[in-house]
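Engineer: I am attaching a structure below and will ask some questions about it afterwards.
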Amino acid sequence: QVQLVESGGGLVQPGGSLRLSCAASGSIFSITAMGWYRQAPGKQRESVARITSGGSTNYADSVKGRFTISRDNAKNTVYLQMNSLKSKDTAVYYCNAAAVNGDYWGQGTQVTVSS
């Protein structure tokens, strides 16, 4: 089992920045990749960014150049640095861990971009 706890969401003005954190605990040795997803009202959940255990990253086209995913192995934590935020980035952001025995999800954190 893997437990994920997210933090760092909130309200920010367009053009602002936020950093999300996702702390993993439990069977972290089984994790092969971690990522961030988001779900806006009335829309399907979509992948935002992903980082593998080897350090490879990939991003949704809509966030390339604005968002950066990183990790601190010592803290078992993955971060999502979000810059130049736009209103269309408003969503609930979920942390995901892909493990050998399945996917795990955090509880979600709200990000609202509004003036």
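Engineer: Over the range 4-115, with the other protein chains present, what is the accessible area per residue in square angstrom, probe 1.4 angstrom?
Structural biologist: 51 Å²
Engineer: Right, another one. Per residue of the range 94-104, what does 6.51 cos²θ - 1.76 cosθ + 1.60 with θ = phi - 60° give for ³J(HN,Hα)? Whole Hz please, x for Gly and Pro, Karplus curve as stated.
Structural biologist: These are the phi-based 3J(HN,Hα) values: 10, 8, 10, 10, 8, 10, 5, 10, x, 9, 10 Hz.
Engineer: Quick check: Cα centre of the range 86-115 to Cα centre of the range 29-44, how many Å?
Structural biologist: Spelled out, the Cα-based centre of one part sits 6 Å from the other.
Engineer: Counting Lys +1, Arg +1, Asp -1, Glu -1, what net charge surrounds S87 among other residues with beta carbon under 15 Å of its beta carbon?
Structural biologist: Charge balance near S87 sits at +4.
Engineer: Same structure again: Counting only residues 5 or more places away or on other chains, whose amide H sits under 5 Å from the amide H of Y59 once H atoms are built in the peptide plane?
Structural biologist: Residues meeting the amide H criterion: none.
Engineer: Whenever you get a sec, line up F67, F29 from highest to lowest accessible area (probe 1.4 Å, protein heavy atoms).
Structural biologist: F29, F67
Engineer: Using the Cα atoms of the chain to build a convex hull, what is its mean projected area in square nanometres?
Structural biologist: 6.7 nm²
The values are calculated or read from the model by the stated rules, or taken from the named source; none is laboratory data. Since the structure is predicted, the reported quantities are computational estimates derived from the model, not experimental observations. Ideal geometry is used to build each Cβ from the backbone, glycine not excepted, and the neighbour counts take in all protein chains shown. Quick note on the areas: whole protein, heavy atoms, side chains included, nothing else; ligands and nucleic acids left out. Shrake-Rupley method; radii C 1.70, N 1.55, O 1.52, S 1.80 Å.
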